[in-house]
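Below is one structure; the comments refer to it alone.
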Amino acid sequence: MTWLGPEEWQAVALSLKVALWATLGGLPLGILTAYALARWSFPGKQLLNGLVHLPLILPPVVTGYLLLLTFGTRGPIGGALQEIGITFAFRWTGAALAAGIMAFPLMVRAIRLSVEAVDPRLEEAAATLGASRMWVFATVTLPLSLPGILAGAVLAFAKAMGEFGATITFVSNIPGETRTMPSAIYAFLQVPGGESSALRLVAVSVAIAMSALLLSEMLARRAAARVAGA
Amino acid sequence: MTWLGPEEWQAVALSLKVALWATLGGLPLGILTAYALARWSFPGKQLLNGLVHLPLILPPVVTGYLLLLTFGTRGPIGGALQEIGITFAFRWTGAALAAGIMAFPLMVRAIRLSVEAVDPRLEEAAATLGASRMWVFATVTLPLSLPGILAGAVLAFAKAMGEFGATITFVSNIPGETRTMPSAIYAFLQVPGGESSALRLVAVSVAIAMSALLLSEMLARRAAARVAGA
Amino acid sequence: FAAASTKTALDEISALYAGSTGNRAVVSFAGSSALARQIESGAPADVFISADTGWMDRLEDQGLVDPATRRDLLGNSLVLIGTGGDPVAITPDLDLPALLGNGRLAMALVDAVPAGIYGKAALQGLGLWQGVAPHVAQTDNVRAALALVASGEAPLGITYVTDAVAEPRVTVLGRFPAESHPRIVYPAAAVTGGAALDFLDFLRSPRARAAFAAQEFVVLGDE
Amino acid sequence: MTLRVDIRQTLGRFVLDAQFVAPPGVTVLFGRSGSGKTSIVNAVAGLSRPGDGRITLNDKLLYDGARRVFLPPHKRRLGYIFQDARLFPHLSVRQNLRYGGWFAGQHDPADFARVVEMLGIGALLDRRPGRLSGGERQRVAIGRALLSRPALILADEPLAALDEARKAEILPYFERLRDETRMPILYVSHAPAEVARLATSVIALDGGRVVAQGAAAEILGDPSVTPLGPRAAGAMLQAVIAVQHGDGITELSAGDLRLLVPQIAGAPGAAVRVHVQAQDVMLATARPEGISALNVLPARITALRLGGGPGALVQLDAGGNLLLARVTRRSVAALGLAQGQAVFAVLKAVSVARDGIAGAAGSQR
Amino acid sequence: MTLRVDIRQTLGRFVLDAQFVAPPGVTVLFGRSGSGKTSIVNAVAGLSRPGDGRITLNDKLLYDGARRVFLPPHKRRLGYIFQDARLFPHLSVRQNLRYGGWFAGQHDPADFARVVEMLGIGALLDRRPGRLSGGERQRVAIGRALLSRPALILADEPLAALDEARKAEILPYFERLRDETRMPILYVSHAPAEVARLATSVIALDGGRVVAQGAAAEILGDPSVTPLGPRAAGAMLQAVIAVQHGDGITELSAGDLRLLVPQIAGAPGAAVRVHVQAQDVMLATARPEGISALNVLPARITALRLGGGPGALVQLDAGGNLLLARVTRRSVAALGLAQGQAVFAVLKAVSVARDGIAGAAGSQR
Ligand SMILES: Nc1ncnc2c1ncn2[C@@H]1O[C@H](COP(=O)(O)OP(=O)(O)OP(=O)(O)O)[C@@H](O)[C@H]1O
Ligand SMILES: Nc1ncnc2c1ncn2[C@@H]1O[C@H](COP(=O)(O)OP(=O)(O)OP(=O)(O)O)[C@@H](O)[C@H]1O
Ligand SMILES: [Mg+2]
Ligand SMILES: [Mg+2]
């Protein structure tokens, strides 16, 4: 298409990459956290629960700032990770991390709701058939939580596509590295007359997220139909 | 407490008001939308679904801008509403509207997941006992979706407490009227030396949201225990 | 309606204003672009203080502010900041890439946010932009750029002097020559139909000037 | 009050094609697992929409495929006892029981107390269904359906989860419903005892089709049809209580017959229905003496049907009543049994056990 | 292989306090709805943790309250057939059936085919459980438990949802399990026919306590205990097949007795178990002639028990076998029956129907 410049295409591609990584990378941890919150009781559970919701409560700028302090090269975690070769600062990985963290509460909530809705009597049945807790989780709880996992993933993806405040604060806006669509859109909106350029990017971003949404709806419907029996 | 100035208390009170209204005001519509998406099929369903997710996908600034264009005093809807005495622009009602709209996708998703998890066979049973569709909804679907409604409400509340981008863009940052905690935090962060004030507000905001979270967990646990049977 | 960076000074001034006139000034701080759009949408603003001239020009073109009341209220200057290190002279000979090493130069968005626009212009004026452009990390506002430097994430940054002096963890390494970039001005004007002309006047009172100056703003005036 | 069903419906690879009429009283649907019983009940309830056909209750049209009429379930006034109890988990047992009453608009405390008492669920009223035992759950489900003041009862294996003693307590209630109201009751059951005791008419299903239907006495007394297996073959006698003997024996009269059975409640003259299982009837060519069986009934063989196996079914006329006897082919040969022959039917009083006796359909007590 | 259970557990207001031993073979648990059967089974399965007590399977400790041992369910190697089938909705029927095999580590296609065939679920294999009929669902659940290669089977009313014909097909499989393996099978059932046919030992529960337990023959043949109601009282005879007659009659020998029953499969010499219901036995003081009953057995009255009602249970010794007869008190008086008296027990061959005959426990076929 001719109506997006190469820089803009770069932003689109980068946003996709960041959102995908934020979603897929966050999913395992999201599932684990959701399961723990839904099914286990342990000291500090409410603390974990609160922590998970934090990015939702805090203004994104604050989250970004906190990320900078912890995951920056001088931050306690960022420093340690850098020693083993993982850098977030000013990298697209950092953008993915920021997006992932902002999306995390949404993902966890959705998955947790689905896990809680899984009939524990089915898990019991699996246990009597010889499945250990891990296997019960993998063969019963997980597949039956699919609606929530899909919903969580699509929410996270959408959120990651739109995330801006934390990202720009944490990893700033470096063309080709951390300049995601929302950053680009923001930049356009800051200057008088930039609206139409912003609009084009918004359209692309909406189109991508809607496709993801439709895809997830389709998958969910298929899964539901299978469970309903054929 | 002495460590928050009166202006800051004003921001806290306003944020609470805005978040409560955004949550409670959004809930009926959120439940209806979630139910429609979960149980009905109608033309334009995917469109509605997409629309609901829009605020999540769009950078908040864009959402705020769109709100400004539609609900502003010169906007098509805002103008019409103003004639009948409802003004959103630069009022706390507008802040609530912005927060509510930003929180809407989270709320709808959570409720929808729970509605989908309600066993349709129970709804059938209610129908055979004489309950019309509306009554089935009110006496079976709704109470059994409680986990999702609670989750949706708390997510929406947390989001509303933290919402900033769309709010400041839509209704600006007017002390006592639209200057919510996140806006105040933003303002503090914009000026040299404002960090400690910002931090105090962040702490208050986190404390409030966490209390809401704990409350919702408690309610959810009680509801779950009742369903499990005593 | 005032650009967010003027908050500390304006908070003080509005308190003074309330004390001396008995009228309360309610100030809404946000980014200039958001404020300008809100005024376009009919925001109930009386006075607009913008961080750059572009948005003010646009409002003026639309007749939303009263050109007669417009004046350049404040000025500011750009500085190169870092965490410690020796002061440098900012001349066309400055080897910024060498100073940065592997690090980044933190700036506000160079195409969007006034501080970034000014910064880019200054670097271009000095002929340094080409060399440093790939190393620039842009943020959505000056404060975020400042935070990058303060947290040590970026070794150097370009901000307003007003921001730099208030952050104890950063030091001003050098001032950009005023002629290297367009004049940094904060225009103020009364919104058409607005009332508080006296507030606009009050902004130029000595007490207000003192408050601005305390924040290292250059108070432009009728001199 | 009559339910008329005529439906065709395709469910996956299963095709339902059933026509039948359920008159007032209990119509028992039976057939193998997967033969379509629940599918029919669901169609009557309005929980599934048949592809084609017509369902009417009295003159109320519930469904008409051609005229595109489909009355939603909540307007059908049903009491559906589901095969899986389907209690509302968020409501207490009491609220579950009252649920249907909310919509029927009335709550009759006496009725409520009576049903609760009969089902033995008084102690459960304030509990939630979550941790009820299987049988408790099913009893609450029965109560919930009965208390919704339905115009039609659909019962899908309502007693399968219950113990014999509990069944014996609940069955009379269905009998009373059958006898005191003109309501059709569609009742799915596999248990011969229930069928024999409750059924006014019987519908046998196989592979989605009705393979036999008719009045219970007819179907069960027909030696050529043994729909529930040979054990359930038997005859239904319409009798009245003649004498209540002191030693716990009740004497019934049916036609010209006198029958001694273990005590059943009722004043002399009250009508009762007796199911005599074919396998409990022994035949003798001469009147046997000195035996413990109290009933030795003169009879005449009216039909004789040799099955493929070792057994034979003999249809008898005993004092104007139809009786069935199941004997071995060897005995048929040994005794030289033939149609028209006069024999004695020997029947132990205890064989006509409590659950084979019931207040007769339509009796006024 | 023996299961030993000794548990105390409080569930809400219900208190379970049960001690029993389940030897190899089928131990039937019965009792009224809500008497604690499922609770016991759950404790054995490890799905609930008793407050106190001890459960062992052979020398494997499953639970010990004092020593705080609790073996998690997946290590107990159980095949639990739940009262509510609990199929995995996201797996096909085939995957449900194979589920246990994944963990047992082996899949025996022949075994799989045999179980599928027996349960008649071949046509369902590729469907998901969502829309199966109640009976189909239960059959899949049975198959799933059987195919998990368990060391202990827990069956909670496994056949309640099934029709008579299907029951008759599945019961022999449980018999074979009982006879060919040394596995204890804990089996909850209300159906007298199942109990009579399957039970090696019997445990009667009431209000969470064991009120009677013992070998099946003992409990069912004891006139003072009629745990399943009077209809189920009866005697268990150990017999061997003597002659296969051509006319579909099998002659059994038990002690000095010869017994004619409808044909049962098996070579002469094969051991079988026969359940003779007390109510099917008629007594005569003189040998009756010209009657259809094929079995007229000389016997001696060893005990006589008059109940509260019109009935009486008479215990007989017939050629070294214990028999029970249920007669009316009136007959006891009329015939002057007394302990020690010689009488004839009259038994119709057809009364000893198929489901009362079974391969005997421990027989080697
Ligand atoms: N967790 C629990 N909390 C409270 N009461 C319970 C709990 N579990 C079981 N009960 C009660 O304990 C009693 C025994 O239940 P159980 O399920 O063992 O009965 P059962 O013998 O299997 O009955 P059924 O034949 O009806 O299935 C019931 O009254 C039941 O309501
Ligand atoms: N929606 C459906 N899709 C596919 N097959 C179906 C559907 N509903 C029912 N069936 C099949 O139709 C057949 C009849 O089912 P139904 O539930 O009516 O049987 P049933 O007579 O009630 O059996 P049971 O005694 O086992 O409860 C079964 O084989 C079932 O698997
Ligand atoms: Mg069924
Ligand atoms: Mg049970």
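The values are calculated or read from the model by the stated rules, or taken from the named source; none is laboratory data. Everything numeric in this text was worked out from a predicted model, so none of it was measured. Here the Cβ is made from the backbone with ideal geometry for all residues, glycine too, and neighbour counts use every protein chain on show.
Cβ separations smaller than 8 Å between residues 6+ apart or across chains give the following pairs from the stretch D:39-52 residues that are closer than 12 Å to D:V15 by Cβ to residues that are in a loop (DSSP other than H, G, I, E, B) and more than 10 Å from ligand 2 (Cβ to nearest atom): D:P50/D:G65; D:G51/D:G65; D:D52/D:G65; D:D52/D:A66. Among residues of the stretch C:33-54 being closer than 19 Å to B:A184 by Cβ and assigned to a helix (DSSP H, G or I), the one that is farthest from the other protein chains (Cβ to nearest Cβ) is C:L35. Note on the stretch C:115-140: among residues that are within 13 Å of another protein chain (Cβ to nearest Cβ) and out of contact with any helix residue (DSSP H, G or I) (no Cβ under 7 Å at 6 or more places or on another chain), the one that is farthest from C:P182 (Cα to Cα) is C:P134. The set of residues from the stretch A:197-211 being hydroxyl-bearing (S, T, Y) and at pLDDT below 85 comprises just one member, A:S197. Does the stretch B:129-136 contain at least one residue that is under 22 Å from A:P60 (Cβ atoms) and either within 11 Å of chain C (Cβ to nearest Cβ) or small (G, A, S) (or both)? No, every residue in the stretch B:129-136 fails to be under 22 Å from A:P60 (Cβ atoms) and either within 11 Å of chain C (Cβ to nearest Cβ) or small (G, A, S) (or both). All conditions in (1) at the interface with another protein chain (Cβ under 8 Å from one of its Cβ atoms); (2) without any contact (Cβ under 8 Å) to a residue 40 or more places away in the chain; (3) not aliphatic (A, V, I, L, M) hold for A:P105, with the sole exception of (2).
Once the stretch D:1-53 is narrowed to residues that are under 21 Å from D:D84 (Cβ atoms) and among the aromatic types (F, W, Y), the residue that is farthest from ligand 4 (Cβ to nearest atom) is D:F14.
Please find, within the stretch D:165-190, the residue that is farthest from D:T27 (Cα to Cα) out of those that are within 16 Å of ligand 1 (Cβ to nearest atom) and aliphatic (A, V, I, L, M). Ranking the qualifying residues of the stretch D:165-190, first place goes to D:A165. Screening the stretch C:10-32 for residues that are more than 20 Å from C:T162 (Cβ to Cβ) and aliphatic (A, V, I, L, M) and picking the one that is farthest from the other protein chains (Cβ to nearest Cβ) gives C:A18. Among the residues that make up the stretch E:203-217, is at least one of them modelled with pLDDT under 80, surrounded by fewer than 23 Cβ atoms within 10 Å (Cβ to Cβ) and away from chain D (no Cβ under 14 Å)? For the stretch E:203-217, residues modelled with pLDDT under 80, surrounded by fewer than 23 Cβ atoms within 10 Å (Cβ to Cβ) and away from chain D (no Cβ under 14 Å): present.
E:A342 passes every criterion in (1) at pLDDT below 85; (2) more than 10 Å from chain D (Cβ to nearest Cβ) apart from (1).
Any residue in the stretch D:140-152 that is within 16 Å of ligand 1 (Cβ to nearest atom), in contact with a Pro (Cβ under 6 Å, 6 or more places away or on another chain) and within 14 Å of chain B (Cβ to nearest Cβ)?
yes
Before we move on, is D:R137 within 13 Å of another protein chain (Cβ to nearest Cβ), away from ligand 2 (no atom under 16 Å from the Cβ) and either touching a Leu at 6+ places or on another chain (Cβ under 7 Å) or touching a residue at least 24 places away in the same chain (Cβ under 8 Å) (or both)? Spelling it out, D:R137 is indeed within 13 Å of another protein chain (Cβ to nearest Cβ), away from ligand 2 (no atom under 16 Å from the Cβ) and either touching a Leu at 6+ places or on another chain (Cβ under 7 Å) or touching a residue at least 24 places away in the same chain (Cβ under 8 Å) (or both). Inspect the stretch D:169-180 for any residue being within 12 Å of another protein chain (Cβ to nearest Cβ), more than 16 Å from ligand 4 (Cβ to nearest atom), over 30 Å from E:E194 (Cβ atoms) and not aromatic (F, W, Y) and give the result as yes or no. The answer is no, given that none of the residues of the stretch D:169-180 is within 12 Å of another protein chain (Cβ to nearest Cβ), more than 16 Å from ligand 4 (Cβ to nearest atom), over 30 Å from E:E194 (Cβ atoms) and not aromatic (F, W, Y). Take the residues in the stretch E:124-133 that are buried (at least 22 other Cβ atoms within 10 Å of the Cβ) and assigned to a helix (DSSP H, G or I); name whichever of them is farthest from the other protein chains (Cβ to nearest Cβ). Here the residue is E:L124.
For every residue, the table says whether it meets (1) of a type in the set (S, T, Y); (2) at pLDDT 90 or above; (3) more than 24 Å from E:R137 (Cβ to Cβ).
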position	(1), (2), (3)
E:G31	no, no, yes
E:G79	no, yes, no
E:P89	no, yes, no
E:R94	no, yes, no
E:F103	no, no, no
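Any residue at all in the stretch D:146-163 that's within 16 Å of ligand 3 (Cβ to nearest atom), assigned to a loop (DSSP other than H, G, I, E, B), out of contact with any Phe, Trp or Tyr (no Cβ under 7 Å at 6 or more places or on another chain) and more than 24 Å from D:P24 (Cβ to Cβ)? The answer is yes; a qualifying residue exists. Residues in the stretch C:141-156 that are more than 9 Å from every other protein chain (Cβ to nearest Cβ) and not aliphatic (A, V, I, L, M): C:P155 alone.
Of all residues in the stretch E:17-35, those that are surrounded by 23 or more Cβ atoms within 10 Å (Cβ to Cβ) have Cβ atoms under 9 Å from Cβ atoms of residues that are acidic (D, E) and assigned to a strand (DSSP E or B), 6 or more apart or on another chain, in E:A18/E:D6; E:L29/E:D156; E:G31/E:D206; E:S35/E:D206.
Being modelled with pLDDT under 85 and within 10 Å of chain D (Cβ to nearest Cβ) is a description that applies to E:G311. Evaluate the stretch D:187-199: report whether one residue or more is over 24 Å from D:S92 (Cβ atoms) and of a type in the set (D, E). Yes: one or more hits.
Looking at A:L47, A:L106, which one is surrounded by fewer than 24 Cβ atoms within 10 Å (Cβ to Cβ) and over 30 Å from E:L147 (Cα atoms)? None of the other options fit; the residue is A:L47. Of all the numbered requirements in (1) within 12 Å of chain B (Cβ to nearest Cβ); (2) not in a strand (DSSP E or B), C:T159 misses one, and that requirement is (2). Residue pairs whose Cβ atoms lie under 6 Å apart, sitting 6 or more positions apart in sequence or on different chains, and linking a residue in the stretch D:154-165 that is outside the structural domain of D:G143 (by TED's automatic domain parsing) to a partner that is modelled with pLDDT under 85 and within 13 Å of ligand 3 (Cβ to nearest atom), do not occur here. Applying the criterion of at least 1 residues that are over 30 Å from D:L154 (Cβ atoms) and not charged (D, E, K, R) to the helices (runs of 4 or more DSSP H) found wholly in the stretch B:113-230 leaves B:146-162, B:165-171, B:181-190, B:195-228.
Here D:V352 meets each of (1) surrounded by fewer than 22 Cβ atoms within 10 Å (Cβ to Cβ); (2) modelled with pLDDT under 80; (3) out of contact with any helix residue (DSSP H, G or I) (no Cβ under 7 Å at 6 or more places or on another chain) with one exception, condition (1). Looking across B:T23, B:T33, one residue alone is over 25 Å from A:F164 (Cα atoms) and either surrounded by 14 or more Cβ atoms within 10 Å (Cβ to Cβ) or within 14 Å of chain C (Cβ to nearest Cβ) (or both). It is B:T33. Determine whether the stretch B:92-100 contains at least one residue that is within 10 Å of another protein chain (Cβ to nearest Cβ) and either out of contact with any helix residue (DSSP H, G or I) (no Cβ under 6 Å at 6 or more places or on another chain) or on the phi < 0 side of the Ramachandran plot (or both). Looking for residues that are within 10 Å of another protein chain (Cβ to nearest Cβ) and either out of contact with any helix residue (DSSP H, G or I) (no Cβ under 6 Å at 6 or more places or on another chain) or on the phi < 0 side of the Ramachandran plot (or both), one finds none in the stretch B:92-100, hence no.
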